[in-house]
Structure formats: C-alpha cells, structure tokens
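Scroll down for the structure; my scribbles are underneath it.
Each reported figure results from applying straightforward, stated rules to the coordinates on display, with no laboratory input. All of these numbers come straight from a predicted model, not from anything done at the bench. Neighbour counts run over all protein chains shown; Cβ positions are idealised from the backbone, glycine included.
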Amino acid sequence: MIHEQMDLPEDTDRSHDFPAFLDIRRRRIVLIGGGRNAARKLDRLLNCGATVQLVAPDIQPTLQAKITADVIHHVRQWNLDDLTSACLIVAATDSDEDNTQISEAAHAAGCWINVANQTDKSSFLIPSMIDRSPLKVAVSSGGVSPVLARLLTARIDAFLPHTYSDLGKLAERHRDRIRQHIGDWRLRRRFWERILSGLTGELILQGRTEQADKALEQAILSHRSEQPDGEVYLVGAGPGDPDLLSFRALRLMQQCDIVLYDRLVSEPIMALVNSAAERVYVGKRRSDHAVPQDSINDQLVQHARQGKRVLRLKGGDPFIFGRGGEEIETLAAQGISFQVVPGITAAAGCASYAGIPLTHRDHAQVCLFVTGHLKDGSVDLDWPALTRPQQTVVIYMGLLGLPVICEQLIKHGLPGSHPIALIAEGTRRSQQVLTGTLECLPAKIDADTIKPPTLIIVGNVVKLRGKLAWFETRR
C-alpha cells in the first residue's frame, strides 16, 4: 500500500470533513489498545467485516471475549511495522501520550488514523450509526459534542421504523430488473420515488412484504401507460404541540403531494408538512363553513384519482368530532385507497397539559366526551346524563354556548359550586386555563379575548389542577 505524507491537523475545526462510507470487508485494520475504548471500537470494526490486527500487551476480559477468527492478537507494544500496509489505524489505548505518539507516526507514514476521544489527532472520525441495512445513517458532531451526536442518533433511530430495512431490501431485490425494464435513468428515478413513497413503500413499512412485492410487480408491468394510484391519508394532528404527533403521522405528512387542512391544525405542525406539497385550506368556524363538507369529500376523491398522495390533516383525532367517518365513507364508496392515523384527541392532550386528570379513583370513574353544539348550531344535550355523580364531562366546541351549558347543568341537578375549567389553545405555548364554578365561570370569560380551539372540563377532577399543573412552569 502506498502512503502519501499527511500532516497533523493544525486546529480542531471539522466543518470541512468529507463524509464517506468505506468498504473495509477483509481489509487489514490495526487496532492498538486493550481496554474499554478498544473493545467498543472492535465491535464496530467487526460489524463491518474487517480483519483486525489487535496490538496490546494486556487486554481486559471483556475485550478477550470479543476476539473471533477475524481478530489476530499481537501480545506486545506497538511498533512502526504495525502501520505497514494497514488500511486504517485506530489508536484506543488508555494513555494519551501513547495515543499521541501513534497519531504522529501514522500521520508521518501517511496512514488514516482515528484516535479515541481525540479528534485533533485523528484524520478520520467514526460516527454514531443507525443501522437499517442496507440503509445506514451516520451522525457526527465533529468531536465537538459526542453526547449531542448520541442524542440525535437516538432520535433518528426512534423515528426510523425497523421496517426501513425491508424497504431497502425491496429495492435491492428488484433493482436489476427495473434497470433493464426502464432504461432511461430519469424515468427510473421517478419510478422509484413513486414506489418507495407510495402504496408499495407503505405496505413494506406496515410489514406486508408479500403484498408489497405484488404491488411492485404490477407497477413494473403497467408503468408506461397507467397513472400511479392515488391514496388518501386521514391523519390526526393532535391538539397543537408538534411533539405529540405519531411517527406515522409525521412520515405521511412529509411524503404527501397535497394537503387539505383544518383551522385547528397549528402552524408548527403545518411547518412539518412536505414543503413541496400543495396546501388547500378547508377550515371551518362556527356558522362559517368556508368549504362545505361535501366539497371536501369530493376534493379528496378528485385528487386521489389524479394519482396524488392526499393528506387530510385534522386537529385532534379524525374520529372524535372530526367528521373523519363521513370522509372515509365517501372514499370507500368511490373505491379510493385510504389509511387512517389517529391523533391525540383534545380531551386527552389539553387535560394533561392543564394538569387535570380525566379520571381519578376519588373523583371520577366515568368520562364523557360531548360536542358543545349540534349540526344545526343548537346546544341541546342529554343533560340528565351529564349531571350524574362521580364523572368527568369534556365538552368540545362549547365556548359560545358556555352560559347555556352551565345554566342547564345546574337546572338538571349539579350544584352551582361544581368545578369547571375552560382550556384555550391547549398544549400550545399560548395555552390559557380558566377555572371556576358553574355559577361564576361564564362571568369570568370574555369570548372576544379567548382564542379557539377551546375545551371545557366539568367535574371534581378540576380541583386537582392546583396541585398537578405542570406545563405553565416549563414554558
């Protein structure tokens, strides 16, 4: 192996590092050291198929247990001959002085070297890794903050389903055939984009490998003339805090072609939608339905029939006062493929952020969800059912009807001193929580200063907020 003279780096700036994945299978890697650092490096090298020359006079038992047929242990101190014909050098001794000497010798010999925990003496770094083979993601902080790199690695690892490995294997299985079938690289790239981010990719991510192979087979046979199948994603965006989105919701939000979104979807959540997607606002306010529901249903069908991936993004959960059932009824009747992703409903999210448990052994064994106004705009609820003891009542969309709600609850048997809370913009930084009693709360509230969405909670659990409120102290 011919080495080119390399100088020691003059500073610790790694901003110009060139990221690369090296094939070190059956290549000679020299690992110098016998302690914990060396054991950690050995794991990484063996996982990549390297042949490791381990140089150390003594090694710890944990390292001894890792020695396999691919590891040759030289029981001695290192010398300059160890650098000859080495693909890479890894210095992982427990002595900074020894590591420095190895680094200087390696640079003088033109060898690529990594020194454990000393980036200024390294010519290459070993990043944190997320393995979804054949897909791999590497993360490096340039040695500035290994803890930050590990934290980011953990977040990416949690976000990427393990079935991404199967997605890569799907591409690997069919790569040559598709290359032969679609000669033009531009058309081939578009084909793969449609497959991996479309129905076939979703089937793989759901673990339905056999169905995915069949879908890909059909796509190969029909790609020249048939428009790609569209699909609708009915996704719950939760009550407002983007940290409450599910992984699946975020994935579909980032791969859609067009999004039809409601008024209750917060701006931070909209910022996570695919930036290239067309945005269509179909929000509704009380007595102000800018886009009628039938029109929304029709738009979902039309866009899907054009081969688009349509995101129907709703605040909270699509099936709790979100008309999700009406929309997928239309899709099912029209033969449109769809999937539903639940979201954290406002009752669960807002109550948690307000420090009000919906159930409690001492206060409530039943929890009811009701809507504050009906289809005709009236407030006409099953009042006797809402006034039973030992229960919590959660009322959606009840701000304007609050005086009537409180009046009717008192009229049907609840005391005027019964606790009630109103939560506005729950889970968001602008969250407001007003508590009181059925008698006094309506007088406390000026509807013009309260910003929707709002949620009303009625029950003795409201009294626990004084002890359990946590969100306001963390903002």
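Comparing ALA154, ALA138, ALA109 along the charge dipole axis of the chain, the residue lying farthest to the positive side is ALA154, per the Cβ-charge model.
Overall shape of the stretch 427-475 was characterised from the C-alpha gyration tensor. The equivalent ellipsoid obtained from it has semi-axes of 18, 17, 9 Å, in decreasing order. Relative protection proxy for 34-44, 346-356, 271-281, 52-62, from highest mean packing down: 346-356, 34-44, 52-62, 271-281 (other beta-carbon atoms within 10 angstrom). Is the shape of the stretch 254-326 rounded, prolate or oblate, going by the alpha carbon gyration tensor and its root eigenvalues a ≥ b ≥ c, with a/c under 1.5 for rounded and a/b larger than b/c for prolate? Because a/c hits 1.5 or more and a/b fails to exceed b/c, the stretch 254-326 counts as oblate.
Basic side chains Lys and Arg get +1 at the Cβ, acidic Asp and Glu get -1 at the Cβ, and with that the dipole of the stretch 47-105 about its Cα centre reaches some 320 debye. The alpha-carbon atoms of the stretch 28-126 define a convex hull whose volume equals 85 cubic angstrom per residue.
Along each principal axis, taking the top coordinate minus the bottom one, the Cα set of the stretch 164-222 gives 31, 20, 17 Å in descending order.
Looking at the chain, what % of its DSSP beta bridges pair antiparallel, to the nearest 5? That works out to approximately 40 percent antiparallel.
The string of couplings for the stretch 63-77 from the Karplus curve (6.51, -1.76, 1.60, θ = phi - 60°) is 6, 4, 5, 8, 6, 10, 5, 8, 10, 10, 9, 9, 8, 5, 6 Hz, one whole number per residue in order, with x for Gly and Pro. Every helix of 4 or more DSSP H residues in the chain counts as -39500 (n - 2.57), and over all residues that averages to -10000 deg cm²/dmol at 222 nm. For the stretch 45-56, the Karplus equation 6.51 cos²θ - 1.76 cosθ + 1.60, evaluated at θ = phi - 60°, returns couplings of 5, 5, 4, 9, x, 6, 9, 9, 9, 8, 10, 5 Hz by residue, with Gly and Pro reported as x.
Taking amide hydrogens as placed 1.01 Å from N in the peptide plane, the amide H of VAL341 sits under 5 Å from those of LEU234, VAL235, GLY236, each at least 5 positions away in sequence or on another chain.
Need one word for the stretch 96-141: rounded, prolate or oblate. Basis is the Cα gyration tensor (sqrt eigenvalues a ≥ b ≥ c); a/c below 1.5 gives rounded, then a/b vs b/c decides. Cα axes put the stretch 96-141 in the prolate bin.
Which residues does a label at ARG208 reach in the stretch 300-337, if reach means a backbone N under 14 Å from a point 7 Å past the Cα toward the Cβ? So the set is 336-337. Each Lys and Arg adds +1 at its Cβ and each Asp and Glu adds -1 at its Cβ; summed about the Cα centre, the stretch 81-161 shows a dipole of about 660 debye. The angle separating the long axis of helix 402-411 from the principal Cα axis of greatest extent in the chain is about 60 degrees. The Cα center of the stretch 311-329 and the Cα center of the stretch 354-433 differ in position by 22 Å.
Between LYS411 and GLN432, the FRET efficiency from the beta-carbon distance, with R0 = 22 Å, is close to 0.20. In terms of overall dimensions, the C-alpha atoms belonging to the stretch 246-385 reach 54, 34, 27 Å along their principal axes, ordered largest to smallest. Placing +1 on each Lys and Arg Cβ and -1 on each Asp and Glu Cβ, with no other charges, gives the chain a dipole about its Cα centre of roughly 840 debye. The calculated Kirkwood hydrodynamic radius for the stretch 347-474 is 14.5 Å, given to one decimal from all distinct C-alpha pairs.
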